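Inspection log for the structure reproduced underneath, given as structure tokens.
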Amino acid sequence: MGLFSFFKRESAADRREWLDSTVRAVASQVQGRMVQDMRAAKRSFETAETPAYTESWSSSAVHINEDLARQLPTLWARSLGLARNNEWAQRYLIELDDNVLGPNGIALQMRLAITQRDGTTVQDTAQNALLESAYAKWGEEADESGLPWCEVESLALNTLARKGEILIRNRPGRGPMGFQIQLLDPALLDVTLNRTWGGNRIRMGVEINDAGKPLAYWLQMTKTGDAMTGYIAVGRHVRIPAAEIIHHFLVEEPGQLRGIPWLTVGARRLWLTHDFEESAAVASSNAAKRQGFFFSPTGEAPPGFGDTIVSSVLEAAKAAGKVLTPDEIQAITAAAEKYSTTVPGQYDTLPIGYQFQAFESVWPNINADTYIKQQLRGWAAARGMSYISLGNDLEAVNYSSAQVGIIGEREHHKKTQVRLRNWLHREVFAAALPYLVLSTPGLKTDRLDEYREAATWQPRRWVPIDPVKAANANETNLRLKLTSRRRLILERGEDPDEVLAEVAAEEATFGPLDANMVAAAPLPPDPAEPATPSKSRHLHLAATRGLIDGD
């Protein structure tokens with residue numbers, strides 16, 4: 001009897017009671033866990049949470065060199081594609097060159113000074129002029145391919161935007177002055193080369209020591225065995241010591257070995273914008289041309305179209321001296337009936353048994369101008385530029401908005417100018433300086449260090465948005481001794497020594513400028529004169545200001 005009661009069958013009421021109690025217990029546990037998770041979430045980073053809608057958002061991080069080793073060739077290809085075929089990317093490259101380099105590039109200005117016997121310091125104008133002249137002469141054929149320095153500047157900046165880095169090889173013993181450079185394609189630095197050599201690591205073509213400092217660069221040769229005398233070659237790669245190479249890029253993460261093309265940040269947005277514009281243009285053109293459809297009983301093409309194709313093929317065969325067989329003509333006729341095109345005012349014929357249904361998308365539900373503007377704003381933000389410059393859109397721009405946008409944009413261009421000066425101009429000038437001195441009479445080899453330290457670089461500057469206000473502000477700052485004339489001239493992108501020399505020459509020829517000008521400030525009122533000016537008052541003022549003879 002006891003055994004029977006132990007295996008007693010569970011009643012429906014008992015089962016419902018068990019289920020209810022179990023659900024209440026589990027619900028209480030789940031609620032407790034959720035409350036605990038919510039409390040923990042308030043103390044954690046929101047971005048680190050992984051709800052279901054963030055599945056496509058990567059939650060793992062690898063070193064930037066690993067990503068570059070796998071994806072740099074693709075980044076190059078897509079960046080070059082944008083630069084060659086996308087109008088907005090080309091606009092960015094134009095703006096970059098115009099604002100960073102301008103019409104005169106980044107100019108060398110020597111500031112070599114000498115101390116006179118009385119202890120005063122003056123500019124060594126003779127030596128400064130010799131060095132600047134020698135540098136300009138060397139720049140006429142700076143690259144061993146024959147490119148002048150002004151083209152090298154533009155090409156180096158353009159390469160930074162397209163491929164994210166500049167790669168230059170110093171070439172002593174070349175050119176009219178004994179030194180040239182060779183601007184190289186960064187793709188020659190093999191991104192797939194990863195190995196060890198002489199105890200050092202080679203990563204993406206760069207040989208580095210344990211501290212990550214480049215020791216050599218492994219460049220790809222056109223063919224195996226093309227290595228130059230005195231260099232190590234392994235397979236299709238040649239090892240060039242780091243002292244002979246100038247390699248620079250924007251370092252965005254510690255330990256980064258290769259550069260990221262500037263055009264690639266937001267490139268998908270830019271590519272989609274171009275694709276949208278092209279699709280919209282094709283759709284608009286097609287809609288403007290096609291008027292409708294005819295339904296034919298047999299589904300045959302409209303008369304005349306296929307005949308035109310067949311007759312054109314027959315004429316081409318005749319011109320080529322070929323005779324087509326009846327079977328070939330029949331095959332051409334059947335194929336011609338399959339072709340279709342769109343011309344203004346066209347009506348097509350639908351095959352029998354088929355109907356045409358247009359596809360009408362509800363997205364985007366905004367006009368094309370708004371969509372394109374939104375996309376370009378995002379890409380312009382990634383490039384440190386204002387939308388009004390990149391988008392070439394001045395429709396709704398006023399003085400205040402233009403000033404805010406352009407000032408921030410110009411500050412970014414200034415930073416790019418500093419980078420280009422440090423990466424290109426200073427390094428190339430330091431390498432070329434000994435050869436300039438040796439090939440220029442009047443320069444002294446024992447002053448090489450002085451020459452190097454005295455070299456300064458003047459980048460382009462911009463016309464103020466409101467020149468009158470800027471001039472008044474400069475005048476106030478000069479009067480309060482908050483700046484100097486030399487600094488103001490430099491801010492305009494000009495050479496102070498040249499400007500001062502021109503002013504001195506003009507004053508020697510024409511006299512001081514103030515002596516020939518009417519004073520701008522009004523004269524103080526004469527207490528003896530009545531408040532209302534009379535003719536005599538006007539004559540007195542004119543005589544005082546030298547406009548008429550006072551007698």
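The values are calculated or read from the model by the stated rules, or taken from the named source; none is laboratory data. This structure is a prediction, so every number in the text was calculated from the model and none was measured. Methodologically, a virtual Cβ is constructed for each residue, glycine included, from the backbone with ideal geometry; neighbour enumeration extends over all protein chains shown. These area figures cover heavy atoms from the full protein model, side chains too; ligands, DNA and RNA do not enter into them. Shrake-Rupley method; radii C 1.70, N 1.55, O 1.52, S 1.80 Å.
Brief remarks follow.
- Contact map, the range 79-94: residues that are assigned to a helix (DSSP H, G or I) paired with residues that are open to solvent by 60 Å² or more (accessible area, probe 1.4 Å) and of a type in the set (A, V, I, L, M, F, W, C), Cβ distance under 9 Å, separation 6+ or inter-chain. Pairs shown: Gly81/Trp271; Leu82/Trp271.
- Test set (1) more than 30 Å from Ser279 (Cα to Cα); (2) among the aromatic types (Phe, Trp, Tyr); (3) out of contact with any Gly (no Cβ under 6 Å at 6 or more places or on another chain) - Tyr387 fails condition number: (1)
- Checked against (1) assigned to a helix (DSSP H, G or I); (2) open to solvent by 20 Å² or more (accessible area, probe 1.4 Å); (3) touching a residue at least 12 places away in the same chain (Cβ under 8 Å), Pro176 meets all criteria but (1).
- Subset of the range 95-125 that is in a loop (DSSP other than H, G, I, E, B) and over 28 Å from Asn422 (Cβ atoms) - its residue that is most open to solvent (accessible area, probe 1.4 Å): Arg117
One line per residue, one yes/no per condition, for (1) farther than 16 Å from Asp190 by Cα; (2) assigned to a loop (DSSP other than H, G, I, E, B); (3) among the aliphatic types (A, V, I, L, M):
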site	(1), (2), (3)
Val251	yes, yes, yes
Ile260	no, yes, yes
Thr273	yes, no, no
Ser285	yes, no, no
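- Enumerated helices (runs of 4 or more DSSP H) restricted to the range 386-443, each holding at least 3 residues that are among the aliphatic types (A, V, I, L, M): 399-420, 426-438
- On inspection, Asn128 passes the criterion of being assigned to a helix (DSSP H, G or I), under 30 Å from Ala454 (Cα atoms) and open to solvent by less than 60 Å² (accessible area, probe 1.4 Å).
- Candidates Ala156, Ala134, Ala161, filtered to the one that is in a helix (DSSP H, G or I), in contact with a Ser or Thr (Cβ under 6 Å, 6 or more places away or on another chain) and open to solvent by less than 20 Å² (accessible area, probe 1.4 Å): Ala134
- Restricting attention to the range 458-477, the residues being open to solvent by less than 60 Å² (accessible area, probe 1.4 Å) and over 26 Å from Arg419 (Cα atoms) number 7.
- Taking the criterion of being over 15 Å from Asp97 (Cβ atoms) and either modelled with pLDDT of 95 or more or surrounded by 17 or more Cβ atoms within 10 Å (Cβ to Cβ) (or both), the residues of the range 386-409 that qualify are Ser386, Tyr387, Ile388, Gly391, Gly405, Ile406.
- Enumeration of residues in the range 424-453 that are within 30 Å of Ile407 (Cα to Cα) and in contact with a strand residue (DSSP E or B) (Cβ under 7 Å, 6 or more places away or on another chain): Leu424, His425, Glu427
- Residue count, the range 444-457 (criterion: open to solvent by 40 Å² or more (accessible area, probe 1.4 Å) and either more than 26 Å from Ala242 (Cβ to Cβ) or not in a helix (DSSP H, G or I) (or both)): 4
- Filter result for Glu427 (exposed (fewer than 14 other Cβ atoms within 10 Å of the Cβ) and either among the acidic types (Asp, Glu) or in contact (Cβ under 8 Å) with a residue 40 or more places away in the chain (or both)): no
- Residues in the range 10-32 that are of a type in the set (S, T, N, Q), in a helix (DSSP H, G or I) and open to solvent by less than 100 Å² (accessible area, probe 1.4 Å): Ser21, Thr22, Ser28.
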